[in-house]
Amino acid sequence: MSLPTKSKLNFWQIWNMNFGFFGIQFSFGLQQSNMSAIYKYLGADEAALPMLWLAGPITGLVLQPIIGAISDGTWSPRFGRRKPFFLIGAFISSIALVLMPFSSSLWMAASLLWILDAANNIAMEPYRAFIADKLPSEQHSIGFLMQSFFTGLGITLANFTPAILVAFGVLAFTDKMSNGIPTYTYYAFFIGALAAIVSVLLSVLTTKEYPPTEEELQEIARQKAASNLIGNTFREIKVAFQTMPLTMKQLIPVKFFSWYAMFCYWEYITSSLSLSIFQTTNQHAQGFMEAQLLTGNLNGTYNIICFMVAFALVPLAKKFGAKGVHFMALLIGGSGLLLMPYLDNSTILFSIYNPFGDPIQVSSIYLFSFGLGISWASMMAMPYQLLAGSIPKEKRGVYMGIFNMFIVIPMAIQIFTMQFFVFDWLGQNPINVIRLAGAFLILGGLFTLLITVKNKNEVVV
């Protein structure tokens, strides 16, 4: 079988193949805006929050390269190479999402988060390789930026869902379940479960994968016939590490500082807002509940900005280069986080017409989320654009899995350092954690400038 010639896909074909990313990211959005609050409702204190977030980085660290390597060696004429992983991950994720708000203890919520993150990693990791498999090289940029768009859209709707349910009178702000978790949180997670299944099914049913070449089929058969499948998988990962392209190595510090920063943000933004705006970190206070809803609105805003600017990054990357765009994006986002403690929720910048009630007031606190949205859009696309052309096509799954380890390793380091000394060093003040996140985003941008390129659009392999 000869190497298939990849046809250019039109906009809606690229849209359909990436639509499953929407549901996966809806799930991540629910975690980002609600898990710290859920933990606090179940009795956790500020200092314990980092360790309770450990599920994400550890499951990603273990699963992503393994799933990537296994998907490289998978082929079914009926189900394809990457699509079975989307379906399995989405199914398990939906179950965990439905159960999460019923958690009766911290251990139950933390255990469900482990399951949820494992499922999301199973579904998400092969999606990066799916783009490189399906699209010709000249469409990689639009493919990854479409994923960035759906990342923004999915997380945006996830973040805004609780506030929408309250604002439209579907649920009361004060309604709580027996475990103290607000009722609107349960309904948001239930909606997320539906989004995960429906969006992934649409992508799976509307997109076909290219069959492997004869050589790839022989390699897949050899791996399946081997007596030690797990051993072969780990050998593939070891070889990939040893032959890592230069570009991939140069992206390590960029990924480290930017993802350390984002985990600081997700863990402590609710407590930081509760302290800086409502002068409390008591989870039983009304101010804390208001901070939880405000967190969703702010996270939703930065994700609106993400999918609004995602496609604007394509011509900018062509003109100025991917690394130049990524540097500026991280600089803007980091500056916004440094500015956050000086903003408030009472200084109104402008109002947005609301046909369902009072106008929506946009206060100065939303300024930082505008900058963070630009950073987030770039983080979801530019590093992958820099990487995609430097890795061999037959190893895309394992290399994308290893590359995603550069996301989860910084998260794991953040958890342990924040748990055992950084939070104390910062005076046990959540606001200072957000300041640190801003400084680290800027550092990630500076390291982007050190990536070696031949010209604006081409990386050195």
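All of the numbers you see were taken from the coordinates with simple rules; none came from a lab. This one's a predicted model, so the numbers in the text were calculated from it and none came from an experiment. Cβ: placed from backbone, ideal geometry, glycine included. Neighbour counts: every protein chain shown.
Can you classify the stretch 69-193 as rounded, prolate or oblate using the Cα gyration tensor, where a ≥ b ≥ c are the square roots of its eigenvalues, rounded means a/c under 1.5, and otherwise it's prolate if a/b beats b/c and oblate if not?
Numbers: a/c = 3.34, a/b = 1.77, b/c = 1.89.
Oblate shape, in that a/c is at least 1.5 and b/c is the bigger or equal ratio.
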Contact order normalised by length for the chain, with contacts defined as Cα pairs under 8 Å and 6 or more residues apart; what percent is it?
28
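With respect to the cross-link table entries Lys255/Lys319; Lys83/Lys249; Lys83/Lys255; Lys83/Lys319; Lys40/Lys249; Lys8/Lys255, which display a Cα-Cα separation exceeding 32 Å?
Lys83/Lys319; Lys40/Lys249
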Obtain the nm distance between the two label points defined at Ser111 and Val239 by a simple spin-label model: each point lies 7 Å from its Cα along the Cα-to-C-beta direction.
4.0
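Treating the beta-carbon of each Lys and Arg as +1 and of each Asp and Glu as -1, no other charges, what is the dipole magnitude of the stretch 11-459 about its Cα centre, to the nearest 20 debye?
Working: 24 positive and 21 negative charges, 211 e Å.
Here the stretch 11-459 has a charge dipole of around 1020 debye.
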Under 5 Å from the placed amide H of Ser363, counting only residues 5+ away or on other chains, we find Leu349
Inter-centroid distance (Cα atoms) of the stretch 75-116 relative to the stretch 403-450, Å:
27
Sorted by packing (mean other beta-carbon atoms within 10 Å per residue), highest first, where do 115-128, 163-176 land?
115-128, 163-176
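Treating only the Cβ atoms of Lys and Arg (+1) and Asp and Glu (-1) as charged, compute the dipole magnitude of the stretch 272-418 about its Cα centre; round to the nearest 20 debye. All intermediate terms of the calculation are to be shown ahead of the outcome.
Working: 6 positive and 4 negative charges, 166 e Å.
That gives the stretch 272-418 a dipole magnitude of about 800 debye.
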Taking the Cα centroid of the stretch 155-183 and of the stretch 21-73, what is the distance between the two, rounded to the nearest whole Å?
21
Relative contact order computed over the stretch 55-167 (Cα-Cα under 8 Å; 6+ residues apart), in percent:
31
Per residue of the stretch 240-255, what does 6.51 cos²θ - 1.76 cosθ + 1.60 with θ = phi - 60° give for ³J(HN,Hα)? Whole Hz please, x for Gly and Pro, Karplus curve as stated.
4, 4, 5, 10, 4, x, 4, 4, 5, 5, 6, 7, 4, x, 4, 5
How large is the helix-only mean residue ellipticity at 222 nm for the chain, computed as the sum of -39500 (n - 2.57) over DSSP H runs with n ≥ 4, divided by its residue count, in deg cm²/dmol to the nearest 500?
-23000 deg cm²/dmol
Residue-by-residue Karplus 3J(HN,Hα) for the stretch 51-56, coefficients 6.51, -1.76, 1.60, Hz, glycine and proline x
5, 6, 8, 5, 4, x
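Rounded to whole Å and ordered largest first, report the semi-axes of the equivalent ellipsoid of the chain derived from its Cα gyration tensor (root of 5λ). Display every interim value, and only then the final one.
Details: eigenvalues 253, 116, 94 Å².
In descending order, the three semi-axes are 36, 24, 22 Å.
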Top positive-direction residue, dipole computed over the stretch 11-459 with Cβ charges, set Ile431, Phe160, Gly23:
Gly23
Order by protection proxy (mean Cβ within 10 Å, highest first), peptides 26-35, 402-411, 419-428:
26-35, 402-411, 419-428
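With Cβ to Cβ distances under 12 Å as the rule, what net charge do the other residues near Lys83 carry (K, R +1; D, E -1)? List each step's numbers first, then the result.
Details: positive: Arg78, Arg81, Arg82, Lys134, Lys208; negative: Asp133, Glu209.
It works out to a net charge of +3.
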